[in-house]
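None of the figures in this text is laboratory data; all of them are computed from the coordinates on show. This structure is a prediction, so every number in the text was calculated from the model and none was measured. Cβ atoms come from the backbone with ideal geometry, glycine included; neighbour counts cover every protein chain shown.
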Amino acid sequence: MLIPCPLCGPRDALEFRFVDETVRRPEPQSASPEQWRSYLYLRANRAGAVTELWLHRSGCRQYVVVERDSLTNTVTAARLARKEAVS
Amino acid sequence: MTRLQPQPGEVIDRDRPIRFRWVGRDHQGYAGDTIASALAAAGVRVFGRSMKYHRPRGLLSADFHDPNCMVTVDGEPNVRGAHRLVRAGMDVRPQDTWPSLRFDVKAANQLVGRFLGPGFYYKTFMRPARLWPAYEAVLGRFSHGGHAPSEPAPERYDHRYVHPDVLVAGGGPAGMAAAAAAAGAGVSVLLVEEEQELGGHLRWGGPDDLAALRDLRAAMAAGSVEVLTDSVVTGRYDGNWVSVLQRAGAGGATGTVRERMVKARAKHLVVAAGLIERPYVVGGNDLPGVMLSTAVRRLVNLYAVRPGDRAVVLSANASGAAAADDLSRVGVDVVRVLDARAGEDITRIRGRSGVQAVECSDGTVVECDLVVTAVGWTAPLTLLTLAGGRATYRADAARFVATGLPDDVSAAGGLVGDGTLEQLIEHGRAVGRDAARRAMRVASVLAAGVPGAAVPAVHDGHVDVPALQPAPHPELFLGATDGIVDYSEDVSAKDLRAAVREGYDSIELAKRYTTATMGPAQGKLEAVNSIAAVAAATGADLAATGTTTGRPPYVPVSLGALAGRSHSLLRRSPVQGWHDAHGAVPLYAGAWIRPDHYGDPVAEVRAVREAVGLIDVTPLGKFDLRGADVPSLLELLYVNRWRKLDVGSVRYGVMCAEDGVVLDDGVTGRLGPEHYLMTTTSSGADAAHDWMERWLQTQRRDLQVHVTPVTANYASINVAGPRSRELLARLTSLDLSASAFGYMRVRTGRVADVEDCVVWRIGFTGELSFEVHVPAGYGLHVWEALLDAGADVGVRPFGVEAQRILRLEKGHLIVGQDTDGLTQAYGAGLGWAVKADKPDFAGKPELAWQLMREDYLHLVGLQPVDGTAVPPEASQIVEDGTRIVGRITSSRMSPTLGRSVCLAMVAPHLTAAGTTVTVRLPGGGSLQARVMPQHAHVDPEGVKLRA
Ligand SMILES: [Zn+2]
């Protein structure tokens, strides 16, 4: 699988570390145990279009938001996480 | 079998005789001979015995995929004897010859055949279970192949990475034409050929084939195609990541490398794997002397070997006719040619240790010593199905074809369909031109993704690839009597029928139950016959029965090739050379090599407790943090509070993950108003870096912080012991007095004439100590200066083992040793550091909830009642004999106290000081130990630390 790093260009997925699906961190002051543990442990693991966080660990060390199809490993978009709109 | 007069296309060099050994006897071949061809020319007909029934086996396909002549060469097991070339002095031994190659198998055959039916693995040896060791020994006799050598290979294994625009798998006429056409279109091409020479079936063809081969090779030599022969594509993965196994045999084209795994990222893959000839399943089809037509043609035309004296040919296609012509030409008596297309057939082949006669469908019996079959072709579709293509059965052509290939993969030549040589070459050329065009389009897309890269122009012209259809061919799989389907697994048509009768009626089940196509040859020759056998037993047709799933690797790959060259990437401190030269026993910790001790860790401990010692702690993770928001970042990363840390102060921090589990610990000092130096554990440095950046890049992008990893920029030396102040003062102008430089303070200054050193007053060992971070280039200088300056105060170096004893005496935990993947901060006794009133930090909710629970283990200091006993680390603490209520996490004999000391995780009801617990010892037995009031065994009040 090739991931098009926005800074380095297309690179082998072996250069990256898969980090997580993109999940929203609940407000730690008010989160219920159910909400917090869903954030920690529950993932959609969808077959199809997924949005994930990868780290270009052997490259520019930037966190990259990758949109890919988990059935075909076709990557449709890769953006710097630091440039994402704040969620 | 004997050597013939020179043949027009022969690949042997008669001027270069080569002597080698087979079963302990000298034999001679010529350069260019395979082991099998040289032995066949010398009259050898039996190369091994079949796996279960121990029937003699001779050449079948006479190429790499021949299941019947796996041999051991100079200790290298499972060498394909019909592929590996002879080399002077090589020692070749047969495999699977229990009890011996010459043993008359009649008795064994009848005896063992009764309990070696399908699924015998699963049935015969199941009960009683206590006899398993005996069964295992018996089954060992039936395992394939040679024995793994006990010595390392004399040659190396290696890896190589390539990025061809177009990779062509298969160097026959279509593959060569495709490669040349793609190269002609201006792209880089890698052509991979399984055999030692390019050419495919042209090599063993007639004069026209040889003339075409000369032209194609000339075109190849003129172009810029890189050719890998004796190499095979073993798999195709996402994004056209193609693995190629480049073999050389010993001393071959790759020099001192035995095998090389070439990892190719191709922009386009052309599969031109040709066709594999299929054996005919009929009684006696595994007797030595029964060969495929291509095997006969290879033996005659490439190696000038006469395959027999009296031949019967069963032919359904041109290859059979060509083999008959070849045999007649070299003087073999072709006594009968049966035309399968006209309904003529072989009903059984008779013989004992080789072919003696053939029973024909018209009732006649013909004596012969050679039976040649040409009953059809199998298209090796594995690479195409790995790429997402579907294998579809074409009854009219009696073979599977692939449909639905992705954009970056195409197929060329015989794999696609049949045609004249001109048509195959023209097809290859068109596919090659099309491949180049598609590769350029991919290159353009890739370049567009590289910031600042020039994007090549794309010529989006269309290439017409002529259609190539499989020619009509009769369906000839199973004959009138049962024969062997899978040669390497010794599975017969009868076995497959029995498996279906027992309920294993799908091809995937029958395959696993009988192990058909699961042997070393992986069904290259036999897969379709096994499908036909299952189809015949179930009554379904081949299309409905379907194929089994092909998976990589396409051919066996040695573990050496997968491992490649040994790259032991080792991180060394600038002082490591000194350690090596002074008797340090190495400790490999993560990527680092460190001194475990210098011969006497107990003396090293005493030096630190009584005088002064030096330890190289360079692997400690170090991060330079700058920016106005560093305290905000630290407040998130650590459970502690950081806002009030003044310049020159140091704090011990505890880092937890979002689940509250202790992730790392270390000290951080404030060097300037917006400048901090953070340390982490050695093993956790990389993860801590990722974790920091994750907060900064994904959660708190508003924070103005710059993180620079500086682990290797500094050599770190801890000077520990009551005389450490006295020693260090001799080398620095910094005021080290207790009033000027208190505990948990940090300064920068000059040490041993080296500027910009960072000096910390901290103490993992529990003694007065100073940690000096020296610009790495001066690390050795400062280390040696300290030793020189301290000779009169008894300074000595100490290693990791002494440090572990010292810190255990002091009760300092090690993350990952005294904690595990479930230990949250309160369980580790680090609750004092948790500032629950902070609005946010990693793991905050979980730690709040941990406080409300009482079910977690607690880290405690522990001392065995018998101070001479040291319970091994990971010993369990038990209650009522068997209930596990804790474990020893660290244990050592304390030289300072003269007794054993431990840290342990225990259940909450056992944490009170004075509680006696039972520690179960791994070797049996147990000991009593007492829970201590605190973790520290030595100087619990910290008087020494703060001196
Ligand atoms: Zn990058």
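Of note:
- Counted residues, segment A:48-73 - those being among the hydroxyl-bearing types (S, T, Y) and away from the ligand (no atom under 16 Å from the Cβ): 3
- Meeting the requirement of 3 or more residues that are within 18 Å of B:R804 (Cα to Cα), the strands (runs of 3 or more DSSP E) wholly within segment B:822-911 are B:858-864, B:883-894, B:899-906.
- Only one entry in B:A687, B:A657 is without any contact (Cβ under 8 Å) to a residue 40 or more places away in the chain and within 14 Å of chain A (Cβ to nearest Cβ), namely B:A687.
- Scanning segment A:9-25 for residues that are part of a loop (DSSP other than H, G, I, E, B) and either touching a residue at least 60 places away in the same chain (Cβ under 8 Å) or more than 8 Å from every other protein chain (Cβ to nearest Cβ) (or both) yields A:F16, A:T22, A:V23, A:R24.
- Any chance A:A77 is away from the ligand (no atom under 16 Å from the Cβ) and without any contact (Cβ under 8 Å) to a residue 60 or more places away in the chain: no
- Scanning segment B:24-47 for residues that are at positive phi and surrounded by 16 or more Cβ atoms within 10 Å (Cβ to Cβ) yields a single hit, B:G32.
- Scanning segment B:199-226 for residues that are buried (at least 20 other Cβ atoms within 10 Å of the Cβ) and not in a helix (DSSP H, G or I) returns B:G199, B:G205, B:V225.
- When each of B:G432, B:G483, B:G428 is tested for being more than 37 Å from the chain's Cα centre (by Cα) and crowded, with 21+ Cβ neighbours inside 10 Å, the lone residue that passes is B:G483.
- Residue under evaluation B:T765, criteria (1) of a type in the set (S, T, N, Q); (2) surrounded by 20 or more Cβ atoms within 10 Å (Cβ to Cβ); (3) more than 14 Å from chain A (Cβ to nearest Cβ); (4) outside any loop (DSSP other than H, G, I, E, B), criterion not met: (4)
- Residue tally, condition more than 13 Å from the ligand (Cβ to nearest atom) and under 25 Å from A:L71 (Cβ atoms), over segment A:15-37: 7
- Qualifying residue in segment B:695-708 (condition: farther than 25 Å from B:G590 by Cβ, away from chain A (no Cβ under 14 Å) and in contact (Cβ under 8 Å) with a residue 60 or more places away in the chain): no
- Those residues of segment B:662-687 which are in contact with a Ser or Thr (Cβ under 6 Å, 6 or more places away or on another chain), in a strand (DSSP E or B) and among the aliphatic types (A, V, I, L, M), in sequence order: B:V662, B:V667, B:M678
- For segment A:35-87, filtering for residues that are surrounded by fewer than 16 Cβ atoms within 10 Å (Cβ to Cβ), within 11 Å of another protein chain (Cβ to nearest Cβ) and among the β-branched types (V, I, T) leaves 3.
- Qualifying position, being free of Cβ contacts under 8 Å to residues at least 24 places away in the same chain and of a type in the set (S, T, N, Q), among B:S328, B:S353: B:S328
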